[in-house]
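Here is the structure we will look at, set down as structure tokens.
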Amino acid sequence: MENGWETREKSKLINFIAQMMELEFERFRTIIQVITGWVVNQDVDLSGLCKRLDERMISTFEVSQEGDMVSPMLDNVVSYLHGSIATLLQDPTVK
């Protein structure tokens, strides 16, 4: 049951969330480019990151000790995107 349909569906759900986050990042990047006039050459590949995390068998969802549902895979995706946005905002050409 470790790689059953439920795990695959959860992985697909996180992949779809990552694709939506990619689109929002593109929109954010476009807004920065319009406002500042600078071309920002930073791409994110969150779908590829999800596939790599899935290949490494990173858990999609698990129950924490407090009884809450957590997603290590989604946490990795959000951390990567947060780092990309922080790098983008610290770029001296954007300011």
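The values are calculated or read from the model by the stated rules, or taken from the named source; none is laboratory data. Only a predicted model underlies this, so the values are computations on that prediction, with no experimental measurement involved. Here the Cβ positions follow ideal geometry from the backbone for every residue, glycine too, while neighbour counts run over all protein chains shown.
With Leu89, Leu53, Leu74 as the choices, which residue is surrounded by 10 or more Cβ atoms within 10 Å (Cβ to Cβ), in a helix (DSSP H, G or I) and either touching a residue at least 60 places away in the same chain (Cβ under 8 Å) or in contact with a strand residue (DSSP E or B) (Cβ under 9 Å, 6 or more places away or on another chain) (or both)? Reasoning before the result, please.
Working: Leu89 fails: either touching a residue at least 60 places away in the same chain (Cβ under 8 Å) or in contact with a strand residue (DSSP E or B) (Cβ under 9 Å, 6 or more places away or on another chain) (or both); Leu53 fails: either touching a residue at least 60 places away in the same chain (Cβ under 8 Å) or in contact with a strand residue (DSSP E or B) (Cβ under 9 Å, 6 or more places away or on another chain) (or both).
Among Leu89, Leu53, Leu74, only Leu74 is surrounded by 10 or more Cβ atoms within 10 Å (Cβ to Cβ), in a helix (DSSP H, G or I) and either touching a residue at least 60 places away in the same chain (Cβ under 8 Å) or in contact with a strand residue (DSSP E or B) (Cβ under 9 Å, 6 or more places away or on another chain) (or both).
Exactly one condition in (1) at pLDDT below 85; (2) surrounded by 10 or more Cβ atoms within 10 Å (Cβ to Cβ) is false for Asp68; which is it?
All conditions pass for Asp68, except number (2).
Checking Arg56 against (1) modelled with pLDDT of 85 or more; (2) in contact with a helix residue (DSSP H, G or I) (Cβ under 7 Å, 6 or more places away or on another chain), which single condition isn't satisfied?
The failed condition is (2).
With (1) free of Cβ contacts under 8 Å to residues at least 40 places away in the same chain; (2) under 17 Å from Gln19 (Cα atoms) as the list, and Gln65 as the residue in question, which single condition is left unmet?
Among (1) free of Cβ contacts under 8 Å to residues at least 40 places away in the same chain; (2) under 17 Å from Gln19 (Cα atoms), Gln65 violates only (2).
Take region 21-49 and flag every residue that is touching a helix residue (DSSP H, G or I) at 6+ places or on another chain (Cβ under 9 Å), more than 16 Å from Gly83 (Cβ to Cβ) and free of Cβ contacts under 8 Å to residues at least 60 places away in the same chain.
Trp38, Val39, Ser47
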